[in-house]
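Quick notes on the structure that follows.
The values are calculated or read from the model by the stated rules, or taken from the named source; none is laboratory data. Please read these numbers as outputs of a predicted model, since none were measured by experiment. FYI the Cβ positions are ideal-geometry reconstructions off the backbone, even for glycines, and counts take in every protein chain you see. When the accessible area is computed, the model is the full protein with side chains, heavy atoms only, and any ligands, DNA or RNA have been set aside. Shrake-Rupley method; radii C 1.70, N 1.55, O 1.52, S 1.80 Å.
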Amino acid sequence: CRYVQQLVAKHLRLSVSIGIGNAKSDVFKVCESYNEAFHALRHRFYKGKNMVIHINDVKMNNGITGQISMQSCCEEEKELLLCLRLVDRDGASCLLDKLSQRFIALNADYNIIKNIYLNLVMASFKELQEMGIDIEERFEVQFDPFREIERYETAEDIKKWMTKVIGDLIRIVENEKNENYKGIIKIALEYMTKHYNEPISLSAIAGHVHVTPNYFSRVFRKEMGISFIEWLNKYRIEKAKEFLSDISMKTYEVAEKVGFNDYKHFSYNFKKYMNCSLTEFREQRLKG
C-alpha cells in the first residue's frame with residue numbers, strides 16, 4: 001500500500017489514503033473486510049492525509065458520536081456570536097480550539113462535525129445581518145460555505161478553514177465598528193461626564209458601549225489622543241477645581257465628590273495636571 005502511495009505521488013502528484021480491513025478465512029466475508037477498511041479509512045479525518053490505516057489501529061465506533069449534535073453545541077453558538085459582537089478574536093479562537101478538542105475526544109463523525117461547523121457559520125451570518133451588516137457586499141467574491149467545506153478532508157483542515165471564516169467575519173465587524181467608532185466614543189464620553197463621580201472601570205465603560213475593553217481602549221486613544229483613564233482623571237480634576245472654590249469643603253470631600261476614593265491618588269493627579277498642590281491652588285483662588 002505504501003508503494004502504491006509512492007507511485008501515485010510520483011506519477012500523478014497526488015496524495016492518497018488507504019484503509020485496510022482484516023484478512024478473512026472465507027470469500028463470503030470479504031464484504032466484512034471491506035467495511036472494516038472503509039471504517040479505517042474514515043479515520044484519515046483525524047489522522048491526516050496520505051495515511052495507510054489498518055482497522056486494528058483504530059477504535060471501532062460504539063455509538064459515541066451520538067453524544068454530540070448541533071443541539072448540544074447551542075452554548076458554543078451563543079459564545080461565538082458574543083465574540084463576533086465584541087470583536088473578540090482570542091475568545092473565538094479559544095472556543096474553536098475547545099470545540100475541536102471535544103470532537104477528537106468523542107471521535108465525532110465527519111458529517112456531524114461538518115454540519116455543526118456549517119450551522120455555526122450560518123448563525124454567524126445571521127448575527128451580522130441583525131447588526132445591519134451586508135455580508136455579500138463585504139466578501140470580495142461570492143462565498144458559499146456549503147461548497148467550500150467540501151474541499152477539506154481532515155479535522156485539522158476544516159478547523160483551519162472555520163478559524164479563517166470566523167476571523168474574516170470578526171474583521172468585517174471590526175471594520176464596521178471602526179467606521180462608527182466615533183459614535184462609540186461619543187456615547188462613552190456622555191456616560192463618563194454623567195457618572196464621573198462614581199467608580200468607572202475600563203471593563204464597565206466597554207460593556208456600556210458593547211465592545212471588549214481592549215478594543216475600546218484602542219479606539220479611545222486613537223480618537224482622543226490619550227488613554228481612557230487619563231481623560232477621566234483630567235475631567236475629574238476640572239470638576240474638582242469648581243468645588244475647591246468652596247472653602248467650606250474639605251479637600252478629601254472634594255476628592256470623593258469627583259470620584260477619587262483615594263485622597264493620595266487625588267492629590268497626585270491634581271498636581272500632575274495643574275502643576276501646583278491643592279493648598280497652593282486654594283491660596284491662589286483666595287488671593288484672586
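Here are the numbers:
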read-out: Residue list for segment 198-230, restricted to those being part of a helix (DSSP H, G or I), open to solvent by less than 20 Å² (accessible area, probe 1.4 Å) and of a type in the set (Val, Ile, Thr); value: Ile205, Val219
read-out: Which listed residue is surrounded by 16 or more Cβ atoms within 10 Å (Cβ to Cβ), at pLDDT below 90 and either among the hydroxyl-bearing types (Ser, Thr, Tyr) or touching a Cys at 6+ places or on another chain (Cβ under 8 Å) (or both), from Tyr117, Tyr110; value: Tyr110
read-out: Complete set of residues in segment 126-167 that are under 15 Å from the mean Cα position of the chain (by Cα) and touching a residue at least 12 places away in the same chain (Cβ under 8 Å); value: Glu127, Leu128, Lys159, Met162, Thr163, Val165, Ile166, Gly167
read-out: Any hit, segment 156-164, residues being of a type outside the set (Ser, Thr, Tyr), touching a helix residue (DSSP H, G or I) at 6+ places or on another chain (Cβ under 6 Å) and modelled with pLDDT of 85 or more; value: yes
read-out: Filter result for Tyr235 (over 28 Å from Asp88 (Cα atoms), open to solvent by 60 Å² or more (accessible area, probe 1.4 Å), hydroxyl-bearing (Ser, Thr, Tyr) and not in a loop (DSSP other than H, G, I, E, B)); value: no
read-out: Residues being part of a loop (DSSP other than H, G, I, E, B), of a type in the set (Val, Ile, Thr) and surrounded by 15 or more Cβ atoms within 10 Å (Cβ to Cβ) - total across segment 141-197; value: 1
read-out: Residue match in segment 18-36 (condition: closer than 21 Å to Tyr110 by Cα, in a helix (DSSP H, G or I) and open to solvent by 50 Å² or more (accessible area, probe 1.4 Å)); value: yes
read-out: Residue that is farthest from the chain's Cα centre (by Cα) [pool: residues in segment 258-288 that are without any contact (Cβ under 8 Å) to a residue 12 or more places away in the chain and assigned to a loop (DSSP other than H, G, I, E, B)]; value: Gly288
read-out: Cβ-Cβ under 9 Å pairs, at least 6 apart or on other chains, segment 109-120 side among the basic types (Lys, Arg), far side not in a helix (DSSP H, G or I); value: Lys114/Tyr152
read-out: Residue within segment 239-257 that is part of a loop (DSSP other than H, G, I, E, B), modelled with pLDDT under 95, among the charged types (D, E, K, R) and open to solvent by 50 Å² or more (accessible area, probe 1.4 Å) present; value: yes
